[in-house]
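Here is the structure we will look at, set down as structure tokens.
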Amino acid sequence: MKITVISDTHGLHDQMDLDSFPGGDLLLHSGDCTNFGAAQDLFSLNFWFGKLQKKYQHIILVPGNHDRCFESNFNLAKSLMTNCTILLDEAITIDGLKFYGSPWQPRFFNWAFNVDRGVKIARKWAMIPDDTNVLITHGPPFGIGDKTSLTGDLIGCQDLSARIEKLKKLKLHACGHCHPGWGKVQVNGVWYINGSICTNAYKPTNLPIGVEL
């Protein structure tokens, strides 16, 4: 399966070049699709996803901390997104691969989907099925794609890392949240992709990242 990962478009999706998308079977968006969670941003994003349906058979979106609309009124936000599948602590199987999406991240200022580190967030990660093949979270694990600034500060979730170590069938973990962490790396047979399109200066200049499973 050919998968493309993006994240953190922050309402600037229309500034991306559609030719930069390699195409394939599935497009994953790992959250922060809006800047402040406005409904008009979802209308625009849904229309944009409609264009990308010419390149991808499936599109999955997992909300992020900027996407307040999905936390405050999930049913309404979901109803506006007719051109993609929304995963919020849910699993879906596509072509034999099990995908699971979760929007939570360790508490980060006063944004959406914040959970305290430790026991509370570990409970969220415990919901991830053991047989997950592709995990989509907004926040990264600790030490992989979790730089928050050009100085190299790391804010990834150690409890998420611990849960991932137990997912023996995992092939890909897609995330975003930390813009300077953009990139792809393979560790112990698992691909880790931070698909942040926006740079630390909120310029949508990073490219989509492709992987084949």
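Things worth noting here:
- Restricting attention to region 53-77 and to residues that are hydrophobic (A, V, I, L, M, F, W, C) and touching a strand residue (DSSP E or B) at 6+ places or on another chain (Cβ under 6 Å), the residue that is nearest to G176 (Cα to Cα) turns out to be V62.
- Boolean, T82 is without any contact (Cβ under 8 Å) to a residue 60 or more places away in the chain, surrounded by 16 or more Cβ atoms within 10 Å (Cβ to Cβ) and hydroxyl-bearing (S, T, Y): no
- Pair list, Cβ < 7 Å and 6+ apart or interchain, from region 188-211 residues that are at pLDDT 95 or above to residues that are of a type in the set (F, W, Y) and outside any loop (DSSP other than H, G, I, E, B): V211/W191
- Unique residue being touching a His at 6+ places or on another chain (Cβ under 9 Å) and closer than 26 Å to P106 by Cβ when the list is I59, I94, I86, I6: I6
- Residue within region 157-178 that is of a type outside the set (S, T, N, Q) and on the phi > 0 side of the Ramachandran plot present: yes
- In region 98-120, residue surrounded by the fewest Cβ atoms within 10 Å (Cβ to Cβ) [restricted to those that are farther than 22 Å from T34 by Cα and within 17 Å of the chain's Cα centre (by Cα)]: K98
- Just one of (1) among the small types (G, A, S); (2) surrounded by fewer than 17 Cβ atoms within 10 Å (Cβ to Cβ); (3) touching a residue at least 40 places away in the same chain (Cβ under 8 Å) fails for G176. It is (2).
- Qualifying residue in region 65-73 (condition: part of a loop (DSSP other than H, G, I, E, B) and at positive phi): no
- For region 21-35, the criterion of being assigned to a helix (DSSP H, G or I), surrounded by fewer than 21 Cβ atoms within 10 Å (Cβ to Cβ) and either modelled with pLDDT of 95 or more or of a type outside the set (D, E, K, R) (or both) is met by no residue.
- Of the strands (runs of 3 or more DSSP E) entirely within region 103-213, those holding at least 2 residues that are under 21 Å from S20 (Cβ atoms) occupy 172-175, 183-187, 190-194, 209-212.
- K2 vs. criteria modelled with pLDDT of 95 or more and touching a helix residue (DSSP H, G or I) at 6+ places or on another chain (Cβ under 7 Å): no
- Leading residue by the ranking (farthest from V190 (Cα to Cα)) among those in region 121-155 that are buried (at least 22 other Cβ atoms within 10 Å of the Cβ) and among the hydroxyl-bearing types (S, T, Y): T137
- Matching residues in region 74-102 - criterion: being part of a loop (DSSP other than H, G, I, E, B), among the charged types (D, E, K, R) and under 20 Å from G24 (Cα atoms): D95
- Qualifying residue in region 168-180 (condition: hydrophobic (A, V, I, L, M, F, W, C), over 23 Å from L213 (Cβ atoms) and modelled with pLDDT of 95 or more): no
The values are calculated or read from the model by the stated rules, or taken from the named source; none is laboratory data. The structure displayed is predicted, hence computed values, not measured ones. Glycine also receives a Cβ, built like all others from the backbone with ideal geometry; neighbour counts cover every protein chain displayed.
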